[in-house]
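Every number here is computed from the coordinates shown, using simple stated rules; none is lab data. Quick caveat: nothing in here was measured; it's all calculated off a predicted structure. Cβ sites come from the backbone with ideal geometry, for glycine too, and all protein chains shown count toward neighbours.
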């Protein structure tokens, strides 16, 4: 059986990147490493669409999020959080751990945060030091309008801090044009690397706040240490340098394709997946879906867990389940990074086959045909 | 030219472990990953010689050290630090960032901390909540008597917290028998993996203090989150799971050899390296050398930086320079992990050849012959 991983992170990694990871280990305090780090940071800036400093942390994406909170928000400060799912709640929980008051602007799972809610929250809380948002809410598949958020926040002293972990390299995300002050992403989604690295783009507005805050609230995630070492193309602590070297290979793919083409490719795959699901008679969970994953409601009468297990066992096709309260209620089909349109067709095909076995009424071929029509240039879903 | 990496981390990684890293990426919330994590944690417990909880952090070793400080030491608490070099100073700097008063028990670089200094410091500061120590001070090559430290600290309420990053899997280190409450190590030294993972063994005495401290001081390094998830063989945040899977392969080597044999092998290599250096007329920097690396003083009249550069350029043999104030003054030759006795001979040979070219008076073959005599079972140096 041929395995196909279509989970929203970790995602598959291109073969040439995997082979980089099998190369002999080299020394990290060397001209070789400094050249690699410089190249990776330049390519990350391109993906982030930023001229800001981009630091590389050896950590999960959550480590990058903690760095944002711990560096930007002093104890007792207040922040507005735009919460549309589990990852928005991650911002809330990190703020709680760091003694930052979190004004919880939450919408029900499946919805996106309307920019008007942010305007109201900022009017009610003009003393907010930061606004936290999520570009692609991986737990529900919802897309948030970060461009609009950024325009609103830019008019205030607050910092716009974004988790773009499953969105960067998938959907349009222009760090500078959208006034994103701190943009956090991870290696294991559209950047096509295994987990282990977090990347944080930090604007001048954010650096000014960080300097004003004074002493760092922690040590390992003290962003100034990374910035200062980056001036010599170095890192303050022993980095996961073989991952950084391998990241170079995956970033070259994105650069060669061109970021607008990368966004368009993901949009097309996402449209195909959505069209396929709808043609099977399934409903989408997110009202404004992101392009990195399609989240499908488990239909009434179908055992969502059993369907996923059967897809994996019979066909090697691995989708992700819902998390926490959504477990068994949604399926999450990823199409980002090194997952291509034909992998999406495979997933839709496997889903059709298993749903038929589970007695769900559908026309065989309806899903894949609808997806194929989108891929052929038809109307987007 | 055949490259040979003899730096004290990152160290070479066995080929079968590197090949694990080139395998396709798999999903981390799966039975497959849970089985891997359980196996890796069991094998880590064996290497740590502990029955305590061992948590796996996706971070540099410094991340593990921060976890120890942030979880065990409340703000305003006092700790005793036994400092014999740059890595002991790392404890001091982390404590400073977390508002922990650091009683600095420091010895000059090259020396080890006498246990009597600890007894006196504990008598002077009976309110110390923790004692920080370094098993193998990688910046100077000094070994510290952690067994003695542990015996002394065990009689007090203080926690014994040890950085064993370049020592574990090299030198005798019995976490439980030596009363080490928090033992921090990293993947990239004797555990034969690239950097990216830190491992922390936490005793019941430490957990009791952590619970007493109440709310965590950070989020990503909140050890209780890792402990609670570990009960389900899981992790709180997306781990560097391909590194964890590869770690399994390297740990199997250590288990197959047996930890006492691993220690004896490193002791023999270290003796050979020391004998070789002395036979070349060189002096060792550390009074009580660790077994993972041999630190050699650059002789008067020799350009230490030029010698290292020539060894690498002409022979592909990479040793490490001194750090900070010791740059150009010492050479650090590592013999740990997947560096074997013949690599040590190669390094001594290359050093002889380059020193001869630099006009240093020595008898060609003196160094390698002396090392060889140790390997053949002669007197240890």
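Would you please classify the overall shape of the range B:234-361 from the alpha carbon gyration tensor, given that a ≥ b ≥ c denote the square roots of the eigenvalues, rounded means a/c under 1.5, and beyond that prolate means a/b larger than b/c while oblate covers the rest?
The shape class here is prolate.
Angle check, please: helix A:204-213 long axis (alpha carbons) against the longest principal axis of chain A (alpha carbons), in degrees 0 to 90, nearest 10.
Helix A:204-213 sits at roughly 60 degrees to that axis.
Restricting everything to alpha-carbon atoms, can you work out Rg to Rh for the range A:71-116 with a Kirkwood hydrodynamic radius?
1.00
When the Cα centres of the range B:220-238 and the range B:317-370 are compared, how far apart do they sit, in Å?
Each part's Cα centre sits 42 Å from the other's.
If I take the Cα coordinates of chain A and project them onto the principal axes, what are the three extents in Å, biggest first?
Rounded to whole Å, the extents work out to 63, 55, 34 Å.
Can you bin the range B:164-208 into rounded, prolate or oblate? Criterion: square roots of the alpha carbon gyration tensor eigenvalues sorted a ≥ b ≥ c, rounded for a/c under 1.5, prolate for a/b above b/c, oblate for the rest.
Taking the square roots of the gyration eigenvalues as a ≥ b ≥ c, the range B:164-208 is oblate.
Helix A:115-124 sits at what angle to the longest principal axis of chain A, using alpha carbons and giving 0 to 90 degrees rounded to 10?
Result, in degrees: 30.
Let me confirm one metric for peptide B:51-61, namely the mean number of other chain beta-carbon atoms within 10 Å of its residues' beta-carbons.
The mean count of partner-chain Cβ atoms within 10 Å per residue comes to 4.
Considering all projection directions equally, how large on average is the shadow of the alpha-carbon convex hull of the protein assembly as shown, in square nanometres?
Quarter of the Cα hull surface area: 32.1 nm².
Distances from residue B:231 to the same position in the other copies: list them in nm, one decimal, shortest first, using label points 7 Å from Cα along Cα→Cβ.
4.8
Mean-square fluctuation check for chain A, GNM, Cα pairs under 10 Å: which of A:336, A:311, A:65 is largest?
It is A:311.
Distance in nm between label sites at residue B:305 and residue A:156, each 7 Å beyond Cα in the beta-carbon direction?
5.1
From the helices alone, meaning DSSP H stretches of at least four residues, give me the mean residue ellipticity at 222 nm for the protein assembly as shown, per-run term -39500 (n - 2.57), in deg cm²/dmol to the nearest 500.
-13500 deg cm²/dmol
Express as a percent, rounded to the nearest 5, the fraction of DSSP beta bridges in chain A (both residues included) that run antiparallel.
55
For the range B:15-257, what does the relative contact order come out to in percent, with C-alpha contacts under 8 Å and a separation of six or more?
It rounds to 29 percent for the range B:15-257.
When you count, for each residue, the other Cβ atoms within 10 Å and take the mean per peptide, how do B:138-150, B:209-221, A:207-219 rank with the highest first?
For the peptides B:138-150, B:209-221, A:207-219, the packing ranking is B:138-150, B:209-221, A:207-219.
Can you work out the FRET efficiency for the pair residue B:106 and residue A:233, with r the C-beta to C-beta distance and R0 = 35 Å, to the nearest 0.05?
Using R0 = 35 Å, I get an efficiency of 0.65.
Given a cut-off of under 8 Å on Cα pairs at least six residues apart, what relative contact order in percent is computed for the range A:258-375?
Relative contact order, the range A:258-375: 34 percent.
Relative to the compact globular guide of 2.2 N^0.38 Å, what is the alpha carbon radius of gyration of the range B:142-257, as a ratio?
With N residues counted in the range B:142-257, Rg over 2.2 N^0.38 Å equals 1.14.
Ignoring solvent entirely, what values of log10 I(q)/I(0) come out of the Debye formula for the range B:229-268 at 0.16, 0.21, 0.22 Å⁻¹ when each Cα is a single scatterer?
Result of the Debye calculation: -0.58, -0.74, -0.76.
Relative to the longest principal Cα axis of chain A, at what angle does helix A:241-257 sit, 0 to 90 degrees, rounded to 10?
So the inclination is approximately 60 degrees.
What's the average, rounded to a whole number, of partner chain beta-carbon atoms within 10 Å of each residue's beta-carbon in A:20-33?
Going residue by residue through A:20-33 and averaging, the value is 6.
Determine the relative contact order of the range A:181-266: mean sequence separation of Cα pairs under 8 Å and six or more apart, normalised by residue count, in whole percent.
28
From the label point of residue A:24, set 7 Å along Cα to the beta carbon, how far off in nm is each other copy's matching point, shortest first?
3.1
Going 7 Å from Cα along the Cα-Cβ axis for the label, what nanometre distances separate residue B:154 from the same residue across the other copies?
Once sorted, the set of distances for residue B:154 reads 6.3 nm.
Report the equivalent ellipsoid semi-axes for the range B:311-381 in whole Å, largest first, defined as the square roots of five times the eigenvalues of the gyration tensor built from alpha carbon atoms.
Working through the eigenvalues yields semi-axes of 21, 16, 12 Å.
When the Cα centres of the range A:51-83 and the range B:97-160 are compared, how far apart do they sit, in Å?
34
Over the Cα atoms of the range B:4-46, what Rg and Dmax result, in angstrom?
Cα-based Rg and Dmax for the range B:4-46 come out at 13.7, 38 Å.
Shielding by partners for A:188-196, please: the mean number of other protein chain Cβ atoms within 10 Å of each residue's Cβ.
Counting Cβ atoms of other protein chains within 10 Å of each residue's Cβ and averaging gives 5.
Given R₀ = 51 Å, FRET efficiency for residue B:267-residue B:313 by Cβ-Cβ distance, to 0.05?
Efficiency, from the Cβ-Cβ distance: 0.95.
Looking only at the protein assembly as shown, where both bridge partners belong to it, what percent of the DSSP beta bridges are antiparallel (to the nearest 5)?
55
Can you compute the FRET efficiency between residue B:376 and residue B:123 using 1/(1 + (r/R0)^6), with r the Cβ-Cβ distance and R0 = 45 Å? Round to the nearest 0.05.
FRET efficiency, residue B:376 to residue B:123: 0.40.
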